[in-house]
Amino acid sequence: MDEMNTQHEPLHADVAVIGGGVIGLGIAWEARRSGRSVVLIDPAPASGATFAAAGMLAPVSELHYQEEDLLELMLESSALWPDFERHLSGSSTGRSTGYRTTPTLAVGADAADRRALADLRDVQLANGLVVESVPLREAREREPLLSPQISCAFHIPGDHQVDPRKLAGAIVGALGDHQPGDSSWVEGAEDGFAVRNKAASLLWEDGRVVGAELESGTRVLAKETVVANGLHAARLNGLPDGLSLPLRPVYGDILRLRVPEHLRPLVTATVRGMVRGVPVYIVPREDGTVVIGATQREDGLSTSGGSANSVSAGGVYQLLRDAQVLVPAVAELELLEATARARPGTPDNAPLLGRVATGAGPEGTEGAVHGPIVPGLIVASGFFRHGVLLTPAAAKICVGLMDGTGDPRWNKFRPDRFSKPPAQAGVATNGSQPATLDPLTKDHA
């Protein structure tokens, strides 16, 4: 067989995951743990939003007005985190995720910030969440470098953190922890699971999705295909006709700084602050660095002549200014890195998660879907600012769907809730027929 034919020999797996961000990695790992062979399709795993994420596991702090539907999912995922992390970084693996169960301290800079945080606490308490008011003297005993000028402090014991870069590395290491000949090993994939290429199109056969065709021309054939490539999900060829994945890029600037020895620890727990109505957070890492973030902007900076991940000068200034209001010693830190990445947002800021029907209800019946489910296809995108927190839940939900044990609680997040009825089920959204298999090569897994 010549080199060209070898290059385009199909890969066979139980599951093909398109997208190697933290969500795709988590799904791939959970699918592997369920006994399935997995191919992860991504030219550069964990280089997008995951690379920039602060890694706060904060279902309480991240409760926002008019987003209460997300709370149940966030709490569910938060409860899954200890077990999810334990399987990755057990004593026998030597892998670290930077998972820390230290609490979060929410603080306000002035009287208006105090009122805003107090109002939010009322909503949090009404939803059964634990948020405790802390006297300012006690707050400064816990965190001595806090400014003496802060106006309020709240203790949030249920909000923790993980280091997304370490987490991604741990999952990649776990996925590679097998040998040729193992049932999980995929022939033709790097380390038996990785395909460093972009998916160009879904593959179809007899009305079901049976894998993906890569930009290189190689086909990955799978029983289940998970579209988890963030903002790129809506641009994938071969999506079911009528399926609308309304994803938009929401950029965030984030800073990493080294704390000098004489100032360590700058803070012992995550500090989430409100400064003149603008949120800012300081997340300590085990290596003596802190992460400060994060702005949220849709200003087009990264699409108006700059690079794809341009950092906003104003955003960097704002973060440093506001962080110093809460912890003045921030001015003495060494700036190591300023990073910006786009997070995939949706109209309701909730994820697109689940299977897809061949038809959707008429306009105005959001969430009502009709027609049979497209077999072999799961979508997991649009996690916006909650991607790291929701990774264990997304992984569990996706594997449950593969097992045929979907949980109806999460139907509200179905990816077809914004869709309209298709003219013809199974036709690609770009108006062309979906990519299909050659009839002579239908012997896929």
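The values are calculated or read from the model by the stated rules, or taken from the named source; none is laboratory data. No experiment lies behind these values; they were computed from the predicted model shown. A quick note on method: Cβ atoms are made from the backbone with ideal geometry, for glycine too, and the neighbour counts reach across all protein chains shown. Quick note on the areas: whole protein, heavy atoms, side chains included, nothing else; ligands and nucleic acids left out. Shrake-Rupley method; radii C 1.70, N 1.55, O 1.52, S 1.80 Å.
Rounded to the nearest 20 debye, what is the charge dipole size of segment 33-167 about its Cα centre when +1 sits on each Lys and Arg Cβ and -1 on each Asp and Glu Cβ?
660 debye
In deg cm²/dmol, rounded to 500, what helix-only [θ] at 222 nm does the chain give when every DSSP H run of at least 4 residues adds -39500 (n - 2.57) and the total is split over its residues?
Rounded to the nearest 500, the figure is -7500 deg cm²/dmol.
About its Cα centre, what dipole magnitude does the chain give when the only charges are +1 on Lys and Arg Cβ and -1 on Asp and Glu Cβ, stated in debye to the nearest 20?
It works out to roughly 740 debye.
Apply the Kirkwood formula to the chain: the hydrodynamic radius equals the inverse of the mean of 1/r over all pairs of different alpha-carbon atoms; give it in Å with one decimal.
Hydrodynamic radius (Kirkwood, Cα pairs) of the chain is 22.8 Å.
For segment 113-156, which GluC sites (Glu not before Pro) are both in a DSSP coil and crowded by at most 15 other Cβ atoms within 10 Å?
Those that pass, being in a loop and sparsely packed, number zero.
For residue 137, project a label point 7 Å along Cα to C-beta. Then give me every residue of segment 246-267 with its amide nitrogen under 15 Å of that point.
none
For segment 140-229, what does the accessible surface come to per residue with a 1.4 Å probe? Please give it in Å².
39 Å²
Considering only 37, 147, 312, give the residue with the highest GNM mean-square fluctuation for the chain, with springs between Cα atoms whenever their separation is below 10 Å.
Greatest mean-square fluctuation among the candidates belongs to 147.
Compute the angle between helix 313-326 and the longest alpha-carbon principal axis of the chain, please, reported from 0 to 90 degrees and rounded to the nearest 10.
40 degrees
How large is ³J(HN,Hα), in whole Hz, for each residue of segment 71-83 in order, when computed from phi with the Karplus curve 6.51 cos²θ - 1.76 cosθ + 1.60 and θ = phi - 60°, using x for Gly and Pro?
My calculation for segment 71-83 gives 4, 4, 5, 5, 5, 4, 5, 4, 5, 7, 4, x, 6 Hz in order.
Expressed in nm to one decimal, what extension gain is obtained for the pair residue 332 and residue 237 from 0.36 nm per residue of sequence separation less their Cα-Cα distance?
Length gained, residue 332 through residue 237: 29.2 nm.
Find how many whole Å separate the alpha carbon centroid of segment 52-128 from the alpha carbon centroid of segment 168-201.
Value for the Cα centre distance between the two parts: 31 Å.
For a protection proxy built on the mean count of beta-carbon atoms within 10 angstrom, sort 8-19, 398-409 highest first, please.
Those peptides, ordered most packed to least, come out 8-19, 398-409.
Just add up the charged neighbours of residue 192: K/R +1, D/E -1, any other residue whose Cβ is under 14 Å from the Cβ of residue 192.
Charge balance near residue 192 sits at -3.
Report the net charge of residues surrounding residue 254, where surrounding means a beta-carbon distance below 9 angstrom and charges are Lys +1, Arg +1, Asp -1, Glu -1.
Local net charge: 0.
Considering only 296, 161, 66, give the residue with the highest GNM mean-square fluctuation for the chain, with springs between Cα atoms whenever their separation is below 10 Å.
Highest fluctuation of the listed residues: 66.
Reachable aspartates and glutamates from residue 420, Cα under 14 Å, same-chain residues fewer than 8 places away excluded?
Those aspartates and glutamates meeting the cut-off are 241, 363, 366.
Among 312, 265, 281, which residue has its Cα furthest toward the positive end of the charge dipole of segment 213-338, with +1 on Lys/Arg Cβ and -1 on Asp/Glu Cβ?
The Cα lying farthest towards the positive end belongs to 281.
Could I have the simple spin-label model distance between residue 101 and residue 411, label points 7 Å from Cα toward Cβ, reported in nm to one decimal?
3.6 nm
Using a Cα-Cα cut-off of under 21 Å, which lysines could be cross-linked to residue 223, ignoring same-chain neighbours fewer than 8 residues away?
Within the straight-line cut-off, residue 223 pairs with 198, 396, 442.
Please identify the trypsin sites (Lys or Arg not before Pro) of segment 174-279 that satisfy two criteria: DSSP loop assignment and at most 16 other Cβ atoms within 10 Å. Which are they?
Here the trypsin sites (Lys or Arg not before Pro) that fit, given the DSSP loop and packing criteria, are 196, 276.
Name all residues of segment 113-135 having a backbone nitrogen under 15 Å from the label point set 7 Å from the Cα of residue 72 along its Cα→Cβ direction, giving them as ranges.
127-128
Rounded to the nearest 5, what % of DSSP beta bridges with both residues in the chain are antiparallel?
So the antiparallel bridges amount to about 70 percent of the total.
Going Cα to Cα from residue 166, which aspartates and glutamates come in below 15 Å? Please leave out same-chain ones fewer than 8 positions away.
Within the straight-line limit of under 15 Å, residue 166 reaches these aspartates and glutamates: 85, 286, 287.
For residue 317 paired with residue 86, estimate the spin-label separation in nm (one decimal), with each label point 7 Å from Cα along the Cα-to-Cβ line.
4.9 nm
Could I have the simple spin-label model distance between residue 403 and residue 147, label points 7 Å from Cα toward Cβ, reported in nm to one decimal?
4.9 nm
How large is the dipole of segment 221-301 about the Cα centre if only Lys and Arg carry +1 and Asp and Glu carry -1, each at its Cβ, rounded to the nearest 20 debye?
Dipole of segment 221-301, to the nearest 20 debye: 180 debye.
For residue 317, what accessible surface area do you get with a 1.4 Å probe? Give it in Å², rounded to 10.
For residue 317, solvent-accessible area is about 140 Å².
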